[in-house]
There are 4 protein chains.
Amino acid sequence: MKTAGVLGATGSVGQRFILLLADHPDFELKVLGASPRSAGKKYVDAVNWKQTDLLPESAKDIVVVECKAEEFKDCDVVFSGLDADYAGPIEKEFMEAGLAVISNAKNYRREEDVPLVVPIVNPEHLDIVAQKKKQNPKAGFIICISNCSTAGLVAPLKPLVEKYGPIDALTTTTLQAISGAGFSPGVPGIDILDNIIPYIGGEEDKMEWETKKILGKLSPDNSTVELISEDDLKVSAQCNRVAVSDGHTECISFRFKNRNVPSVEELKKTLSDYVCDAYKLGCHSAPKQTIHVLEQNDRPQPRLDRNRDNGYGVSVGRVRADPVLDFKMVVLSHNTIIGAAGSGILIAEILLAKNLI
Amino acid sequence: MKTAGVLGATGSVGQRFILLLADHPDFELKVLGASPRSAGKKYVDAVNWKQTDLLPESAKDIVVVECKAEEFKDCDVVFSGLDADYAGPIEKEFMEAGLAVISNAKNYRREEDVPLVVPIVNPEHLDIVAQKKKQNPKAGFIICISNCSTAGLVAPLKPLVEKYGPIDALTTTTLQAISGAGFSPGVPGIDILDNIIPYIGGEEDKMEWETKKILGKLSPDNSTVELISEDDLKVSAQCNRVAVSDGHTECISFRFKNRNVPSVEELKKTLSDYVCDAYKLGCHSAPKQTIHVLEQNDRPQPRLDRNRDNGYGVSVGRVRADPVLDFKMVVLSHNTIIGAAGSGILIAEILLAKNLI
Amino acid sequence: MKTAGVLGATGSVGQRFILLLADHPDFELKVLGASPRSAGKKYVDAVNWKQTDLLPESAKDIVVVECKAEEFKDCDVVFSGLDADYAGPIEKEFMEAGLAVISNAKNYRREEDVPLVVPIVNPEHLDIVAQKKKQNPKAGFIICISNCSTAGLVAPLKPLVEKYGPIDALTTTTLQAISGAGFSPGVPGIDILDNIIPYIGGEEDKMEWETKKILGKLSPDNSTVELISEDDLKVSAQCNRVAVSDGHTECISFRFKNRNVPSVEELKKTLSDYVCDAYKLGCHSAPKQTIHVLEQNDRPQPRLDRNRDNGYGVSVGRVRADPVLDFKMVVLSHNTIIGAAGSGILIAEILLAKNLI
Amino acid sequence: MKTAGVLGATGSVGQRFILLLADHPDFELKVLGASPRSAGKKYVDAVNWKQTDLLPESAKDIVVVECKAEEFKDCDVVFSGLDADYAGPIEKEFMEAGLAVISNAKNYRREEDVPLVVPIVNPEHLDIVAQKKKQNPKAGFIICISNCSTAGLVAPLKPLVEKYGPIDALTTTTLQAISGAGFSPGVPGIDILDNIIPYIGGEEDKMEWETKKILGKLSPDNSTVELISEDDLKVSAQCNRVAVSDGHTECISFRFKNRNVPSVEELKKTLSDYVCDAYKLGCHSAPKQTIHVLEQNDRPQPRLDRNRDNGYGVSVGRVRADPVLDFKMVVLSHNTIIGAAGSGILIAEILLAKNLI
């Protein structure tokens, strides 16, 4: 049993970490960090709990501490749900104190020696950590969870690229859930009722950039990730916020570099057959079926399909030829599970399976 | 004052026709046709009125008749909101009886001698009617209103193609309102609350095909429309139903054939400067501003922008370069106005201005 | 292990029965009945599955039969999710064939020898069945599940009446979820988006009548239920449909006959302390906490509280004095669990615990 | 043409005042006051406009000033949309400077010499102002607009009390729109999607208290309003926030003191026949039909009925006998028109018609 801490424990992502750690077979939640305003209070008194599952009994009485490395020194792993405004120096301090930090914040995603990981997609990027540990077993490190909409996008692409070679053009139009915006205040009700907001600040840029890192390769010495160049992969994202609580839907289309293009049926089989490494490693939360290929015309739908494999599985539907690029399809992923906190938990399970924590 | 009739008067589109004809300066609504079940009743007793505006007093006491040409023989123009299941033979009978039919049904859209018209886009296709009338002044005719989501798509493309030459690749992902599905029963509430349906039967095919007709040219003798070929224009549509009452949002991207591509600012100016012919002709319902180019990042939004120019204006936002094609942008159009019944009314106004009814 | 069948298996309530019976420790689902149109097909092919949980593997391959008693003769218990249009003769045939029928339909609710049961409220009414079985061990019977909104209303009233004596005036205004309307087509999306429907056909009458039966007493010989008279209990219901998927909220107020009225704190304690008989009997689905008394001002909320005790627990909040009657409070119950199919399952568990099936 | 100013011009209520004053025949909007942060900017640059109607051209270029009486000294009437946190001292300063203030804030509603007015209900309370002006023609004054949900509640009660005598018990359960909560941030989307919030801070108390003032009588010298006592009128409110943009629905029931109770038909006729004084005075915004009595079972509905008489008319449906009190019915009112800013405009029109400004 490893000891776990959570940074930003009262926030939206922090609450999800706490839910996912309750009754976890590998991790025991012991330390909760939040703002000085919350520090010193029992968690149940500090938090405005807004999850559809009840606050776990085991977390209620934990006394919240400030986000200082000293307070977390006994943690084998620290999950950070901190806002980007605060995450920078805090996570750095934790890493320098030798702690293992798995962060949902964007601050370090673009550092070339920080793995940006979707655990069902590119766990091999965690070899950067293995390499670091080889040099200094006591070294702390930061691993970044990808942006939520990026996670859904790259999940089905990985097995396709492995089998059919590089994709050189990729478009995605997203219909994103409001839970991704947190809740202080998140998306105002009056903005989302009978409405769409065709803009999410920074999101398109994140998707276009992160895809190139997550699908990139490690450097020969395993010390950094090499970004796919703009010449090799063009990505275009259009992001919308819609009246859905959980579950990001994406309408994507893409073209392979190799013009010997597979058939739709081959494509679907490749997606269905994909088994993510985390599952092979026996990780507790890993989806049995990584990619669910749905055959009904009108699926996937967020309300009906977002919880497949407890939100760790990604659903794909309407796979068909695209008149402009090669293929188009609809992808649905659970934005707070595989797109955020859940991803962090599964990354920790992989680290554990690889003896990196 | 011209005399108008409405077919399918109790349905969703029929109700909209009736609203738009109330107090219209050019048309007086005199005949309402519906199913035999409704025939013989006063309209107010036959209809399950579901519009946000009240049933016009002037229509309440009109006694509904069956959809037979004989009943409409005094009409200068007949607007058809019939379901595709019924529209075929009825509209044909009306045309053969010498009546002018403007139809929202899909049945005759693909006939090469039937104009498929978005009135703010391709009123020149009505020259087919002029040509027909020249040969036989008493000839009846059918004009088809385009599919709702096609209307929003082609509106901003028209001025761009006029100025910068053909577009050869075009993608659109739609977020469509539920009013487009009518209400018997239309989209079930349980399917759309906290959900998206990533499929609308037949819609993608309609968009991909209709775009090629609407942007096509007349034959030299003005007797038919020539479809743009698949080689010259590739269109890819992905259609979704979302929890919005009125207003279709589309995230589109496109590439010009001519590689001497304009700047974003030039593009926006061309869109803003576009004045549709209907407005120049002085048509009552024509939008003063055909294309509203919005500068705020998070616009257009259905709730805030769908009623611009009474729903006859189309809004465009977030015009920007696209990494895969040339440009991408968000288009919003009012699906029951410029995308359906309103389009029919404006077509009739153009016919009137051109002395074709 | 008892053998179970489901009538109306493809409908909304039938689907819920099937979900709740999957992996049930006491019942094995063996027979699925539906319309002749579905009969002969595998269930997976006959159903348009619309639940947020996936169709259980164990049900997929069951071949659907017609709703004839002969087909269900090996069932120890039959759960009926039939529409009222069909339930009457079918359920009667089943009962006469000696089968145990637990029905969600309204058809037999008002028969004085048919128990109308909310299992966390009045399981003692099942003594009618015990009495019947004593006279004829092979006798079939029908037990009716109450209307969904009635279930939420009477749940907190039962412990109060037990402790403080009769309630003589009771008002409830409901905000009901759309899942209660089924889905063929159920509530149209255009009627519920940005809207309320202040009317549910027959619902107010059901609530006002059923409350008087459920809170009524058995006749001395346990053969019938004696309705509370209109003089002894006045009930007024106002029912609304709102944009909520699952979970009926009710704002209730009530007055005790006994004018020695308890304090708010006493009332809350009585509610919290209530342990339903089904839990004492060790029934698998019985809620550990029957009534959750929530202290936060803004609770219960459907999205956050409907799943307490897997939907078998009822939540109560904002208990306070009422200027007009004695007390007012907000009650939330899961309409498809304790208000429909789930209620049926728990009734069967009670029957089993009492050796009545 | 009278000169008008608006306080709190950038807020939700302020924006509505500005919309309603655009093209008003009696008032010319000249001064806009907001926080020091906005002062000095053009209105179009200071405001985050969130209305479904476009920002009026005439308001765009007005330079915003601070909320100081000196800046508004040329205004014949000042409409205040200030938050309660700021309204107290500012409105007092304005009144003392001799200005006529019509305020949507709650701060002075409970002052006995401040009229609390729903203009279609109790314009006679404005006689307090007439009395004040008689004593000092240059005296400033404050008039308070009622709480939004109170407005809908008292509208149908007024004609009933006038005709059948006092009501002594009254209950209301509200289903309130989110626009009433403003938008900085107002109700978070995640709290209202697929959800209800059964609590609105302070609202129930406001409804219970304000009703007793609005239905109260003036003192013999017209200097104050006399509150109806708790003994004479018991009011119980239960307030809920629901997923509706505009339009408060209330399920009310009430009992007359006089036990010679009218029939349902008489009641409906009295409601239909009611013509508010503002309409008799010829006020521009006064509803032609003050109370719309709807006969369809499922009406009023917010989406379909909120805009009757431009939002100044109130709709009543489902009038029927109540088993507990005498009658129950559903009331719908437009919360931002007759429940807030619109009410202020109509009060000003009445003041003008009575030569009080």
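The values are calculated or read from the model by the stated rules, or taken from the named source; none is laboratory data. As the structure is a computational prediction, the values presented were derived from the model and not from experiment. In this analysis, Cβ positions are derived from the backbone assuming ideal geometry, glycine residues included, and neighbour counts consider all displayed protein chains. Just the protein is used for accessible areas: all its heavy atoms, side chains included, with ligands, DNA and RNA removed. Shrake-Rupley method; radii C 1.70, N 1.55, O 1.52, S 1.80 Å.
Brief remarks follow.
- Annotation: per residue accessible area for the range B:148-333 equals 32 Å², rounded to a whole number [probe 1.4 Å, protein chains only].
- Burial of 40 Å² or greater, the range D:216-244 residues [accessible area, probe 1.4 Å, versus chain by itself]: D:S236, D:Q238, D:A243
- Each Lys or Arg adds one and each Asp or Glu takes one away; over the other residues whose Cβ falls under 12 Å from the Cβ of D:P25, this sums to -3.
- Cα gyration tensor shape of the protein assembly as shown, rounded if a/c is under 1.5, else prolate or oblate by comparing a/b with b/c: rounded
- Whole-Hz Karplus values for the range A:257-274 come out as 5, 5, 7, 8, 7, x, 7, 4, 5, 4, 4, 5, 5, 4, 5, 5, 7, 5 Hz, taken residue by residue from phi with 6.51 cos²θ - 1.76 cosθ + 1.60 and θ = phi - 60°; glycine and proline positions read x.
- A 1.4 Å probe run over the range C:9-81, with the rest of the protein chains in place, finds 45 Å² accessible per residue.
- For the range B:308-356, a reduction of at least 20 Å² in accessible area between the chain on its own and the assembled protein chains (probe 1.4 Å) is found at B:R308, B:R318, B:R320, B:P323, B:V324, B:K328.
- Calculated log₁₀ intensity ratio I(q)/I(0) where the Debye formula runs over C-alpha points of chain D, q = 0.08, 0.09, 0.13, 0.15 Å⁻¹: -0.36, -0.46, -0.98, -1.31
- Amide H contacts for D:V244 (H built 1.01 Å from N in the peptide plane; partners 5 or more residues away or on another chain; cut-off under 5 Å): D:I178.
- Long-range amide H partners of B:T3 with built H, under 5 Å: B:E28, B:D76, B:V77
- Distance cut-off 16 Å, percentage of C-alpha pairs in the range C:1-118 lying past it: 56
- Only DSSP H runs of four or more residues enter the estimate; each adds -39500 (n - 2.57), and after division by the residues of chain C the mean residue ellipticity at 222 nm equals -8000 deg cm²/dmol.
- Ranked order, B:L160, B:L227 - accessible area, probe 1.4 Å, largest first: B:L227, B:L160
- Rel. contact order, % - alpha carbon contacts under 8 angstrom, at least six apart, chain B: 18
- Derived scalar couplings between HN and Hα for the range B:282-295 equal x, 5, 3, 8, 4, x, 5, 10, 5, 10, 8, 9, 9, 9 Hz in order, rounded to whole Hz, by the Karplus curve 6.51 cos²θ - 1.76 cosθ + 1.60 (θ = phi - 60°), x for Gly and Pro.
- Our note on the geometry: Cα centres of the range A:98-157 and the range D:66-109, 57 Å apart.
- Between helix C:84-96 and chain C: long-axis angle, C-alpha atoms, 0 to 90°, nearest 10: 70
- Within the shell of other residues whose beta carbon sits under 13 angstrom from the beta carbon of C:G313, the net charge comes to +1, with Lys and Arg scored +1 and Asp and Glu -1.
- In the structure shown, the pairs D:K73/D:K133; A:K163/A:K213; C:K134/C:K280; B:K158/B:K328; C:K30/C:K134 are assessed against 21 Å; a Cα-Cα span above that value is assigned to C:K134/C:K280; C:K30/C:K134.
- Our coupling estimate for the range C:231-241, obtained by passing each phi through the Karplus curve with A = 6.51, B = -1.76, C = 1.60 and θ = phi - 60°, is 5, 7, 8, 9, 10, 10, 10, 10, 10, 10, 9 Hz, Gly and Pro reported as x.
- Looking at chain A, the DSSP beta bridges with both ends there are about 40 percent antiparallel.
- For the range C:148-333, the relative contact order comes to 28 percent (Cα pairs under 8 Å, sequence separation of at least 6).
- Global form of the range D:109-215, assessed from the alpha-carbon gyration tensor, a/c cut-off 1.5: oblate
- A straight Cα-to-Cα reach below 18 Å connects B:K268 with the aspartates and glutamates B:E162, B:E250, B:E295, B:D298, B:D305, B:D322, B:D326, residues fewer than 8 places away in its own chain not being considered.
- Residues of the range C:38-52 buried by at least 10 Å² on assembly (accessible area, 1.4 Å probe, chain alone as reference): C:W49, C:K50, C:Q51, C:T52
- Cα centroid separation - the range B:221-245 against the range D:244-299, whole Å: 51
- Inter-chain shielding of C:196-204 (mean C-beta neighbours from other protein chains, 10 Å cut-off): 6
- When a 1.4 Å probe is rolled over the protein heavy atoms, the share of accessible surface on the protein assembly as shown that falls to carbon and sulfur comes to 45 percent.
- Accessible surface buried once A binds B (1.4 Å probe; total of both sides; Å²): 3700
- Burial ranking of peptide ranges B:54-64, A:332-342 (average Cβ count within 10 Å, highest at the top): A:332-342, B:54-64
- Gyration tensor verdict on the range A:148-333 (Cα atoms; rounded if a/c is under 1.5, prolate if a/b is larger than b/c, oblate otherwise): rounded
- Only alpha carbons enter this Debye calculation for the range B:8-69, each as an equal point scatterer, and the log10 of I(q)/I(0) it gives at q = 0.30 Å⁻¹ is -1.46.
- Amide proton proximity set for D:C239, modelled H, under 5 Å, gap of 5+: D:T174, D:I200
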